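Undergrad: Next up is a structure, given as structure tokens.
The values are calculated or read from the model by the stated rules, or taken from the named source; none is laboratory data. Every value quoted in this text rests on a predicted model; they were computed, and no experiment measured them. All Cβ positions, glycine included, derive from the backbone under ideal geometry; neighbour counts span all protein chains shown.
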Amino acid sequence: MAANEILIEVKDLMKTYTTGSESVHALNQVSLIIEKGEFLAIMGASGSGKSTFMNILGCLDIPTSGEYEMEGVSVLGRTSNDLAEVRNQKLGFVFQSFNLLARTSALENVELPLLYNNTVSSDKRESKSLAALKSVGLGDRINAMPNELSGGQQQRVAIARALVNDPIVIMADEPTGNLDSRTSYEIMGIFQGLNDSGITVVMVTHEPDIAQFAKRNVVFKDGKIISDQLVTDRKNAGDELKQIALQTEASATT
């Protein structure tokens, strides 16, 4: 494995919470390499450590001990301002609850990360945001407010917002948790397309069928990685959506 292929590398990550005299290891000696261009699904039951791990990868939390390098540079020990800059310019976040501003249009929601990027002019901000919305199929809904959009459309806005700063990795935390099966597959189709274009995707999910759209599954239990395997029978979102359409058509004619 060439060093320049490694996007993220963590070694011996520990995250310990102490309550009184009792210590709980949310993460216990976790080591993992994520290469550029991967589509990784992080799985595990509630309390397994997967969300803690994602928060550390996303520079939203820091480990008790261990090492974390992104593009060969240590993330740990940086100031809060430095970490904010990493989050803004290198990472794109997508959440289960969309996290859109209710009184702000789709376009303005997508523009938000660019407001904190002083290298982007106001004209460029709008053009980049328009392009991001078009890339997720919402070029005709740029002025819509979140309450005028379906759950799937709101998640598309959230994905466009994650893309607008040209991140090196998209981190998605249960991105289909609030969506029905068809809409979930549509969102997975967007992620697969982005991944095919070279964007690295790291996704937390508790749904095994959703994890099958990724290329690699890492399973956590009790703060440790218990399984790390390539997906051998990978689902293709386009094929799955065609099957749903055929089944719907068949039901309609019977």
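Undergrad: If you go through region 16-36 one residue at a time, do you hit one that is out of contact with any Ser or Thr (no Cβ under 6 Å at 6 or more places or on another chain), within 30 Å of Gly151 (Cβ to Cβ) and at pLDDT 90 or above?
TA: yes
Undergrad: Next question. I'm told Leu107 meets every condition in (1) in contact (Cβ under 8 Å) with a residue 60 or more places away in the chain; (2) touching a helix residue (DSSP H, G or I) at 6+ places or on another chain (Cβ under 8 Å) except one. Can you identify the failing condition by its number?
TA: Only one criterion in (1) in contact (Cβ under 8 Å) with a residue 60 or more places away in the chain; (2) touching a helix residue (DSSP H, G or I) at 6+ places or on another chain (Cβ under 8 Å) is unmet by Leu107, namely (1).
Undergrad: Also, I was wondering about something else. Counting only residues that are without any contact (Cβ under 8 Å) to a residue 60 or more places away in the chain and of a type in the set (A, V, I, L, M), which one in region 61-89 is surrounded by the most Cβ atoms within 10 Å (Cβ to Cβ)?
TA: Val75
Undergrad: Only residues that are touching a residue at least 24 places away in the same chain (Cβ under 8 Å) and either out of contact with any helix residue (DSSP H, G or I) (no Cβ under 9 Å at 6 or more places or on another chain) or not in a helix (DSSP H, G or I) (or both): list them for region 124-136, please.
TA: Result: Val136, single match.
Undergrad: Regarding region 38-55, can at least one residue be identified that is surrounded by fewer than 18 Cβ atoms within 10 Å (Cβ to Cβ), over 16 Å from Val219 (Cα atoms), out of contact with any Asp or Glu (no Cβ under 6 Å at 6 or more places or on another chain) and modelled with pLDDT under 95?
TA: No, every residue in region 38-55 fails to be surrounded by fewer than 18 Cβ atoms within 10 Å (Cβ to Cβ), over 16 Å from Val219 (Cα atoms), out of contact with any Asp or Glu (no Cβ under 6 Å at 6 or more places or on another chain) and modelled with pLDDT under 95.
Undergrad: Name the one entry in Glu69, Glu85 that is acidic (Asp, Glu) and at pLDDT 95 or above.
TA: Glu69
Undergrad: I'm trying to understand the selection: among the residues of region 163-213, which are among the small types (Gly, Ala, Ser) and either surrounded by 20 or more Cβ atoms within 10 Å (Cβ to Cβ) or at positive phi (or both)?
TA: Answer for region 163-213, where residues must be among the small types (Gly, Ala, Ser) and either surrounded by 20 or more Cβ atoms within 10 Å (Cβ to Cβ) or at positive phi (or both): Ala172, Ser184, Gly198, Ala211.
Undergrad: Of a type in the set (D, E, K, R), in contact with a Phe, Trp or Tyr (Cβ under 8 Å, 6 or more places away or on another chain), surrounded by fewer than 18 Cβ atoms within 10 Å (Cβ to Cβ) and farther than 23 Å from Ser48 by Cα, is that true of Lys235?
TA: yes
Undergrad: What single numbered condition from (1) touching a Pro at 6+ places or on another chain (Cβ under 9 Å); (2) over 24 Å from Leu112 (Cβ atoms) fails to hold for Arg216?
TA: If we test Arg216 against (1) touching a Pro at 6+ places or on another chain (Cβ under 9 Å); (2) over 24 Å from Leu112 (Cβ atoms), just (1) comes out false.
Undergrad: Then there is this: Identify the residue in region 109-123 that is not in a helix (DSSP H, G or I) and not aliphatic (A, V, I, L, M) and, among all such residues, is modelled with the highest pLDDT.
TA: Ser121
Undergrad: Identify, from the list Asp140, Asp222, the residue that is surrounded by fewer than 16 Cβ atoms within 10 Å (Cβ to Cβ) and touching a residue at least 40 places away in the same chain (Cβ under 8 Å).
TA: Just a single option satisfies the conditions, and that option is Asp222.
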